[in-house]
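Structure first, commentary second.
The values are calculated or read from the model by the stated rules, or taken from the named source; none is laboratory data. Everything numeric here is computed off the predicted structure, so don't read it as measured data. Each accessible area value is taken on the protein alone, full model and side chains, heavy atoms only, with ligands, DNA and RNA left out. Shrake-Rupley method; radii C 1.70, N 1.55, O 1.52, S 1.80 Å.
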Amino acid sequence: QMQMLDKFPMEGGQKDPKQRIIPFLPGKILFRRSHVRDVAVKRLIPIDEYCKALIQLPPYISQCEEVLQFFETRPDDLSPPKE
């Protein structure tokens, strides 16, 4: 998120907040170890909305290296922990 805002300051609303087209990333939620799943479930919808908004941006943003890396599949995605 920060890399995109640095790379696209106009689209990130740094000069004029009304011109911002880059979506806001849902904020962090503090939790205890026993609440990891609950927090993940609560954040699922806002993060899903963020991802959908991100890929609907103009191609020069939605297909930039930072976005592509964000959505890149990692080994843990293919074989997630059983927990």
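What the table shows:
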read-out: Selected residue (criterion: most open to solvent (accessible area, probe 1.4 Å)) from residues of region 1-21 that are part of a helix (DSSP H, G or I) and not polar (S, T, N, Q); value: K18
read-out: Hits in region 63-81 (condition: open to solvent by less than 100 Å² (accessible area, probe 1.4 Å), under 15 Å from the mean Cα position of the chain (by Cα) and either closer than 11 Å to M4 by Cα or of a type in the set (D, E, K, R) (or both)); value: C64, E66, V67
read-out: Qualifying positions in region 37-46 - open to solvent by 50 Å² or more (accessible area, probe 1.4 Å) and under 22 Å from K82 (Cα atoms); value: R37, D38, A40, V41, K42, R43, L44
